[in-house]
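Working notes, structure below.
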Amino acid sequence: MPSWVKSGDVKATIAVLDFIFSSAAKHNVDGESLSSELQQLGLPKEHATGLCRSYEEKQSSLQESLRACSLRLSQLDSVSWRVDYTLSSSELRDVGEPLVHLLLRLRGGTAAAVPVAVSADKFRVLLAELKQAQALMQTLL
């Protein structure tokens, strides 16, 4: 690296290019439009053309990579469940209603367990809505 180029300048340039290419890929901008925009921002035509040629070559893989990173939620590692059926209790006024207990274990940097307790009716609604969401997601893939 030449002595007149500072490390901070290189980092800033990389950050700007990352932002420009990511934004262009997210909005499905073609290379010609991107080149025109870069020239309007003051980049010489030769530089804009070279950058956009590289962008066009890697646009589809960049979009795939962005898709893989977007809406990243915790991944479910395992589910354990049990159903409690209370016959009698001094603390509950409505007994005889099954209660579904779920323990959702998440995968990722901070492995966590999320306990959930719902009535049987709410569990049926949850299950139906999860099945609808799964069917919708299958149509999108």
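The values are calculated or read from the model by the stated rules, or taken from the named source; none is laboratory data. In this text the structure is predicted, and so the values were computed from the model without any measurement. We place every Cβ from the backbone using ideal geometry, glycine too, and count neighbours over all the protein chains shown. These area figures cover heavy atoms from the full protein model, side chains too; ligands, DNA and RNA do not enter into them. Shrake-Rupley method; radii C 1.70, N 1.55, O 1.52, S 1.80 Å.
Applying the condition of being outside any loop (DSSP other than H, G, I, E, B) and of a type in the set (S, T, N, Q) to region 71-93 and asking which residue is modelled with the highest pLDDT yields 80. Contact map, region 46-59: residues that are within 11 Å of residue 29 (Cα to Cα) and touching a residue at least 12 places away in the same chain (Cβ under 8 Å) paired with residues that are open to solvent by 30 Å² or more (accessible area, probe 1.4 Å) and of a type in the set (A, V, I, L, M, F, W, C), Cβ distance under 6 Å, separation 6+ or inter-chain. Pairs shown: 55/21.
Close contacts from region 122-141, counting a first residue that is under 22 Å from residue 83 (Cβ atoms) and a second that is not in a helix (DSSP H, G or I), with Cβ to Cβ under 6 Å and a gap of 6+ residues or different chains, come to 123/100. The residue that is nearest to residue 27 (Cα to Cα), counting only those in region 60-79 that are among the aliphatic types (A, V, I, L, M) and within 13 Å of the chain's Cα centre (by Cα), is 66. Quick one: residue 55 ticks every box in (1) over 30 Å from residue 140 (Cα atoms); (2) at pLDDT 90 or above; (3) not small (Gly, Ala, Ser) except a single one, so which number is it? Answer for residue 55: the failing condition is (1). A residue that is within 19 Å of residue 18 (Cα to Cα), acidic (Asp, Glu), open to solvent by 90 Å² or more (accessible area, probe 1.4 Å) and part of a helix (DSSP H, G or I) cannot be found anywhere in region 110-133. Only one of the numbered conditions (1) modelled with pLDDT of 75 or more; (2) touching a Lys or Arg at 6+ places or on another chain (Cβ under 9 Å) is not met by residue 111, and that is (1). For residue 82, the criteria (1) surrounded by 11 or more Cβ atoms within 10 Å (Cβ to Cβ); (2) farther than 30 Å from residue 140 by Cβ hold in every case but one, which is (1). Of the residues making up region 40-49, one or more are in a helix (DSSP H, G or I), over 28 Å from the mean Cα position of the chain (by Cα) and loosely packed, with under 10 Cβ neighbours inside 10 Å.
Can you find a residue that is open to solvent by less than 90 Å² (accessible area, probe 1.4 Å), in a loop (DSSP other than H, G, I, E, B), farther than 30 Å from residue 125 by Cβ and not acidic (Asp, Glu) anywhere in region 21-30? Checked against the condition, which is being open to solvent by less than 90 Å² (accessible area, probe 1.4 Å), in a loop (DSSP other than H, G, I, E, B), farther than 30 Å from residue 125 by Cβ and not acidic (Asp, Glu), region 21-30 yields at least one hit.
Considering only residues in region 60-70 that are among the polar types (S, T, N, Q) and either touching a residue at least 40 places away in the same chain (Cβ under 8 Å) or in a helix (DSSP H, G or I) (or both), the one that is surrounded by the most Cβ atoms within 10 Å (Cβ to Cβ) turns out to be 63.
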